[in-house]
1. Could you look through the stretch A:315-339, keep only residues that are more than 16 Å from residue B:128 (Cβ to Cβ) and crowded, with 18+ Cβ neighbours inside 10 Å, and pick out the one that is nearest to the other protein chains (Cβ to nearest Cβ)?
2. Need the failing condition index for residue B:131 against (1) touching a residue at least 40 places away in the same chain (Cβ under 8 Å); (2) assigned to a helix (DSSP H, G or I); (3) surrounded by fewer than 24 Cβ atoms within 10 Å (Cβ to Cβ), just the number.
3. Among what's in the stretch B:113-124 and is in contact (Cβ under 8 Å) with a residue 24 or more places away in the chain and surrounded by fewer than 22 Cβ atoms within 10 Å (Cβ to Cβ), pick the residue that is farthest from residue B:245 (Cα to Cα).
4. Could you please tell me which pairs satisfy a Cβ distance under 7 Å, a separation of 6+ or placement on different chains, a first residue in the stretch B:287-302 that is more than 8 Å from every other protein chain (Cβ to nearest Cβ), and a second residue that is part of a loop (DSSP other than H, G, I, E, B) and at pLDDT below 85?
5. For the stretch A:142-185: of the residues being more than 10 Å from chain B (Cβ to nearest Cβ) and surrounded by 22 or more Cβ atoms within 10 Å (Cβ to Cβ), which is modelled with the highest pLDDT?
6. What helices (runs of 4 or more DSSP H), lying completely within the stretch B:137-243, carry at least 3 residues that are without any contact (Cβ under 8 Å) to a residue 40 or more places away in the chain?
7. Restrict the check to the stretch A:298-307 and report whether at least one residue is under 24 Å from residue B:120 (Cβ atoms), within 10 Å of another protein chain (Cβ to nearest Cβ) and touching a helix residue (DSSP H, G or I) at 6+ places or on another chain (Cβ under 9 Å).
8. Just one of the numbered conditions (1) more than 8 Å from every other protein chain (Cβ to nearest Cβ); (2) on the phi > 0 side of the Ramachandran plot is not true of residue B:158; which one?
């Protein structure tokens, strides 16, 4: 009886607590995504010759960075329970307008400032309309997207108007670019900074917590004093801003305006978020997962192209793979659990 | 003002009808030959794919739960390509065989969407966007370059079948089907599911089956749209469907159906499509560039959403 004195178990108390913290951390890790990424990397490295060269790795990473930046806004929008289908149009319009403005001898800084603020403004209008009128984010963002890309195409005469791309922008987006004298593509540096910033803001600031609260339950968040309309406007504005950023960066990457360059990003920006494991229901997930999602999707594309798949086959395989991944994560609750 | 709001709430169809009359008058002023008798059948032939795309998108919206079918436009393209490259010129190319085969394909693809959404619980956007990419990939694979056809029975659909304009048949068929469904319990059940799925489920409605059938119905109408499109363009083309993506949704919104489910119908979307067609025709006659017409579609869709929200969210029922 004396052996069961309360003093003896005392030292072991802290260790289960610690191990449960570790367990919770491990359980929260996107294990499936990490495994998928590693497997894809190995398969691509083995079957696609030349993949492991520095230049080809940088190319893949730069492509992932474009997708990752475009999906940053989409992540935040999905976290609050929305969806942004204007991403491809904003990317396309920014890509058309940037070289056209440069050709009109606007100073480069002003061009960037103008294009990015227009993107942010369109996003803010989206957020305001959706929140104020409680209408479907799908339809609102599709229609503003159509107006933006139509306007961009009309203004630049289908991308045929005079265009020029400043050299520094080409260098900035190039996989062979240098950052502060080191041979790292500057776009990658931008992506890493963005990932850290978005990650920290979402997890460790009041704004971030308000974002999750809004996504979990808008009405409850409202009653708790969160300015949910501001969160909605802010989230969509950020999405517009990140889309416009990708449009500008892609202008540097391909060195011209190109009609339809944003189109693939409609599906891939959504897919990167969902494959990462952020739920469409809202309030579950974070940007780190989207970074993994963007890397996975870019590797899948690389693998498909490396094996000579046509655009048509790429689209089909891509569509099916996304369905598979979303099937594991982004599904809705059973109806009988909601009654 | 309040009276007008009340009237709109009771008879939602009045908005697209009035808008259609206004746009029709504007068309008459700009293009006086718009109504000449020889023009009627070709004009209706151009209108048919618009109307069918709008109607095909409707059941998914009506079924609620965030329902939307983004795969309608590429499905129309797919049916167009299957008809031209797979059926015409073979023993299956006669209308008696080809039309049922194509409608079955449409229904099957719609039902797959419905299964993904209701049984596997995919969000409708993702399921139908996935289908969008699979279908547009297939379209590209089957018809990398446009294939033209000449004559045959499909050309009558954009002209006249006997004395009747072909479009009356293609657009009339789904409308008749819808009116028939309105007389059965099905349409009411569909609207009940769209209004509140959990309540419908509690009262014993087989919500899953209703949703699957709604997407299948959309697929059938989209297949008809693909056939009407073939009649109009007389070719197989993997690009044409792009035009119909946005305006299919805009037609539903302009028609006044509730995009969150529970209220609306196929006739409303057909009227919405007529408005869009008239707007398209008017802007074309005024030599507005196709890009700016795109802007106008976006604007019309946004306006329809905003006005719809302003009119209907203040309704006494919801307060």
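The values are calculated or read from the model by the stated rules, or taken from the named source; none is laboratory data. Remember, predicted model here, so these are calculated numbers, not experimental data. Reconstructed Cβ throughout: ideal geometry from the backbone, glycine too, with neighbour counts over all protein chains shown.
1. Of everything passing the filter in the stretch A:315-339, A:335 is nearest to the other protein chains (Cβ to nearest Cβ).
2. Just one mismatch for residue B:131, condition (3).
3. Out of the qualifying residues, it is B:119.
4. Hits for this filter: zero, empty list.
5. My answer is A:185.
6. B:166-182, B:185-195, B:197-202
7. no
8. Only one criterion in (1) more than 8 Å from every other protein chain (Cβ to nearest Cβ); (2) on the phi > 0 side of the Ramachandran plot is unmet by residue B:158, namely (2).
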